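Trainee: Below: one structure in structure tokens.
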Amino acid sequence: MGFCTQDEYHRFLHQCPIFERMLVEDGVLLCKYWFSVSDVEQERRFLARRDDPMRRWKLSPMDLESITRWEDYSRAKDEMFVHTDIPEARWHVVESEDKRRPGST
């Protein structure tokens, strides 16, 4: 989405686990959760927000753009996990197809 340069992105992937280790060493309990949802379900949610005036405020231009970049986001998430899922601060993936019951699919 153009939020940073490639150099900044690679620096983040290098520095993030270092920073997280420092936090944990200082006694911070660091819990990282990734709420996973399929592209089909995410698009359904976005369309529901678009069509419901009470939920439209939840839909940003970035959300709409993300629909066309689903594969890019998925690859970026996988790459981030490779670099930042460290023993001191693991990622916890929550399958959340059903928002009312995270953990169920």
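Each value in this text was obtained by applying a stated rule to the coordinates, not by laboratory testing. The structure presented is a predicted model; accordingly, all values stated were derived computationally and were not measured. Backbone-built Cβ (ideal geometry, glycine too); neighbour counts: all protein chains shown.
Trainee: If I take every Cα pair under 8 Å that is 6 or more residues apart in region 6-95, average their sequence separation and divide by the length, what percent do I get for the relative contact order?
Mentor: Details: 61 pairs, mean separation 43.9, N = 90.
Relative contact order here is 49 percent.
Trainee: Angle between the Cα long axis of helix 39-51 and the longest principal axis of the chain, 0 to 90 degrees, nearest 10?
Mentor: 50
Trainee: Could I ask something else about it? Work out how far the C-alpha atoms of the chain reach from end to end along every principal axis, then list the three figures in whole Å, largest first.
Mentor: The Cα atoms of the chain stretch 46, 34, 22 Å along their principal axes.
Trainee: Loop-only check: which GluC sites (Glu not before Pro) in region 11-94 are DSSP coil with at most 12 other Cβ within 10 angstrom?
Mentor: Values: sites: E20, E25, E41, E43, E65, E71, E79, E88; in loops: E88.
Sites meeting the loop and neighbour criteria: E88.
Trainee: Here's something else I'd like to know. Order these by the 10 Å Cβ neighbour count, fewest first: I67, I18, I86. Spell out each step's value before the answer.
Mentor: Details: I67 13, I18 9, I86 16.
With the fewest neighbours first, I67, I18, I86 line up as I18, I67, I86.
Trainee: Using +1 at the C-beta of Lys and Arg and -1 at the C-beta of Asp and Glu, which of Y33, P87, I67 has the Cα lying farthest in the positive direction of the dipole of region 6-95?
Mentor: Going by the Cα projections, it comes out as I67.
Trainee: Can you sort L23, L59, L29 so the residue with the fewest Cβ neighbours within 10 Å comes first? Walk me through the numbers before you get to the answer.
Mentor: Working: L23 13, L59 17, L29 7.
Placing the least packed residue first, the sequence is L29, L23, L59.
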